[in-house]
1. Sort out which residues of the range B:104-141 are of a type in the set (Gly, Ala, Ser), at pLDDT 90 or above and more than 18 Å from the chain's Cα centre (by Cα), and write them in order of number.
2. State all residues of the range A:165-176 that are loosely packed, with under 15 Cβ neighbours inside 10 Å and either more than 7 Å from chain B (Cβ to nearest Cβ) or closer than 19 Å to residue B:120 by Cβ (or both); if no residue qualifies, say none.
3. Is it fair to say residue A:215 is within 30 Å of residue A:125 (Cα to Cα) and without any contact (Cβ under 8 Å) to a residue 40 or more places away in the chain?
4. Does residue A:411 satisfy being more than 20 Å from residue A:435 (Cβ to Cβ) and modelled with pLDDT of 80 or more?
5. Which ones in the range B:139-159 are away from chain A (no Cβ under 13 Å) and surrounded by fewer than 15 Cβ atoms within 10 Å (Cβ to Cβ)?
6. Can you tell me which of A:128, A:68 is closer than 30 Å to residue B:12 by Cβ and among the hydrophobic types (A, V, I, L, M, F, W, C)?
7. Taking residue A:197 and the conditions (1) under 26 Å from residue B:39 (Cβ atoms); (2) more than 37 Å from the chain's Cα centre (by Cα), which numbered condition does it fall short on, given that it satisfies the others?
Amino acid sequence: MNRRMLWRWMAIFWLEALMAAGLLSLFGYLATRFWPMLAFSAAAAGLLGLGAWLYQGGGRSMWIHLLLYPLIAFAGIAAYLGFDSWIAALAIAGAFYWRIHTIVTMRLYHFDLLRRFGLATLIFLASLIYQALYVSLSESTTGVSDLFGMLSVLLLTYLITSEGEFLTREKPAGLSVPAALRLRIAAELGQIKLVGLAAYLAIVSALLFAGSVLWSLVKNPLGSLLFTVFAPLLALIEQWINQLAQILSKDQRIDLVTGNDGQPGNTIDHGMSGQEETLFSLLQPYLIALIVLGFAIWLGRKMWQRRYPAGMPVEQAHSAGASGRISPVEAQGKAGSGLGGMVQSFMERFSAPKDDQARYLYYQFLRYMKAQGMPMQKDETSQEFLLRIGQKWGNDRRFALISQITDLYHRHRYQQQALSKEELAHLESCFQALKNG
Amino acid sequence: MLSLRQLYHLLGTLILFFALFSGSWFLWLLGTSFFALYAMRRWWLTKLPQLVTVSWEADQSRVMPGTPVQILLTLVNRSWLPLPLTRLQFSLPEHVHIEGADSVTVSQKRAIAELWLSVPRKSQVERSLTLIPSQRGVIWLSELQGEALDPFGGDGCPMVLPMPFSLLVYPAILPLPSFSLGETEAVGNRLSRQRTQDDPTFLRGLRPYAAGDRLRSIDWKASAKTSELQTRQYEYTARASWRIVGHILPSYEPTLMRFNDAVNERTISCLAALATRCRQEGLSYELLLNVRFRGKEHFDLPKGSGKKHYVQAMTQLARLSQYIPTSLPLLLRRLEHSREKEALLIVTPRMDDFIRESMQRLLRRGHTVLLMDVSGERPVYQQIAVASPPAGKGGVAR
């Protein structure tokens, strides 16, 4: 194990530790605060790195490898003490061992980093949604700003680990860059990144500020216009819903279903008069969930279509057809009824297919030669077969016919243009002459 | 698996969607950053070939096999971004031995060399390489494949750096057996009325002016270029002149199921050795090969001697590839009808009855024929004599 491999493992472990921190904060095991999440990620990445070293150190010494298991137990105990849950402890210990075993034994590529970065970002975004939509309703403080910090750390560390992955790719032994050059390049790279980041923040902030000023000017007139256009429609929808609620409240079967025993229940109609919240604010979480669900379904469908494109089976059929294998003749057209149809279908099975007559004739020639006691070997080319026939039937008249058949077949098989009608007729006549002796 | 573009666009769209609802300044910045990263990456990939260039200088362009060629490769970075561990890759034919590269692997009959160069911004870096070709032919390169660091989160920045380079490798000189070219009666025994060294039809070179040279023999153009008088040297008329005929076999003979590349290489090396010997002895010769060349049925390098003719012959032999062999007896049949008595040196790896018959016809017409048999590892020299006809029926030898 060398430093290059250790660095590559640590890059993966860091991203996975961030993912774990996001998941734990989403499920409430970890406080959604910036420093606890960052500290957890750093500690988890450090433990994973140590575990990987112990795992790989087993290549040299079994005792070093065995130290991995106490480390796993330590991670489980620490998780139990930290989260006060034996399920979480078992899960973390299992995941700890699983990730070490997987990452150390696999070959790491850039898309491994990319995939983990994407998943970690989605996890933090889900946590952000949860914090913004639910936690903000029940608690006075939320972790939204802390999650902003974690997203920034995630993006910046991904860019750094991506460059590190490129620099630590496998290279020939003995290749080294002088330390002075390395420092110089690192300083230049850091400088250009800082300048780029500052320029980006300045430019985009200025653009966003300009946009917000523009929006503030346009918002009121636009709002009035939209209200004028949609208010009657929304009022009409509300009226329909109220009428529906009145009808449903008069139907006793609804009471049986809802279990209210004839008492007025908390229908929307009755509820609306006593509450200050509007219909839209009540439906807002469901609408948002519906939009997110629809988006997830659309995304899943796109991913499925990309993975299994519809045109693939057709292309495979085309490529199979272009290989030019001699295949049995298929029945052409529909067989008629009765004996005549059976005879016709029987004859059609042995007639040359119109699309490749030369090949089928050569196939018949091979069958004839097999019947004569000279089958073509599997690893024999047509030219070698001809030479073998020549050794046996060198001076025979039949050899001249076979030479012509082979020559015409070669021209059909390897020439750019197909044989002409006269050449096909000549091929057939040679074969017939050969059969007739 | 999503590509970088798809992932960036997906995350950027999601975050901007949340920013639209929340109005958060940070989410607007973060969401826009994904689109900006991808746009910057695309811009960088288009600008990379202009900002990063490579140059290749070789100390020789025409060498014999086994001669090392020193190459100076320079990678120039005109951008503000440093390029650490930029990988450059090129491939040459398998027979070329490459020294000085960081990694050389052989795959599919190509030697693939890789270099890793670290270039700071606005700088250039140089690397020395040595190429040692071992077979004749033209070695050429048109571009280098490269991969540089991607600062925008991608999997490296691929680049194609144009770099035209060609190296001509002459054929190896085969050691010839000892045989004499001078003893044989050759063209030019009938002296012309002109002085022996003054056949103005063929120019064989230049030499500095010596007192007594005719004014008409001075080459004024060359004199202007060299700033001193140069006198033309003409072909000798009373010197031996040979016709060297090379027999090239088809690359693959399906009826015999045989590849003839190694045999043809021996033939070409033998022809190169003969050209070298003629150059050393100052003999003029005409080179004929039974390969189709520029629409003609055979290759014909007109008679000549001197350095220029020698270089031309060696260059044509070095470039001989993808040839279409024609009939050697047909070529020899044309030589039979020459008005003068010819001295023919036939280099062949295969003596069949047709060639023997053609040689006999040439001998009967009074031409002189020498045979260099290259069917074995070493060429074998044979002087062909006229074969005595078989005794006729009823003929009585007295």
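1. In the first step, residues of the range B:104-141 are kept if they are of a type in the set (Gly, Ala, Ser); the result is B:107, B:111, B:113, B:118, B:123, B:128, B:134, B:137.
Retained after the next criterion (residues that are at pLDDT 90 or above): B:111, B:113, B:118, B:123, B:128, B:134, B:137.
Hits for the range B:104-141 are B:113, B:118, B:123, B:128.
2. A:170, A:173, A:174, A:175, A:176
3. For residue A:215, the condition - within 30 Å of residue A:125 (Cα to Cα) and without any contact (Cβ under 8 Å) to a residue 40 or more places away in the chain - is met.
4. yes
5. Selection gives B:140, B:142, B:143.
6. Numbers: A:68 fails: closer than 30 Å to residue B:12 by Cβ.
Within the list A:128, A:68, the selection yields A:128.
7. Unmet condition: (2).
Per-residue answers, yes or no, for (1) closer than 30 Å to residue B:178 by Cβ; (2) hydroxyl-bearing (Ser, Thr, Tyr); (3) over 21 Å from the mean Cα position of the chain (by Cα):
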| site | (1), (2), (3) |
| --- | --- |
| B:222 | no, no, yes |
| B:234 | no, yes, yes |
| B:243 | yes, no, yes |
| B:249 | yes, no, no |
| B:257 | no, no, yes |
| B:266 | yes, no, no |
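The values are calculated or read from the model by the stated rules, or taken from the named source; none is laboratory data. Quick caveat: nothing in here was measured; it's all calculated off a predicted structure. Quick reminder, even Gly has a Cβ in these numbers, built from the backbone with ideal geometry, and neighbours come from all protein chains shown. For the accessible areas, the whole protein counts, side chains as well, though only heavy atoms, and no ligand, DNA or RNA atoms are used. Shrake-Rupley method; radii C 1.70, N 1.55, O 1.52, S 1.80 Å.
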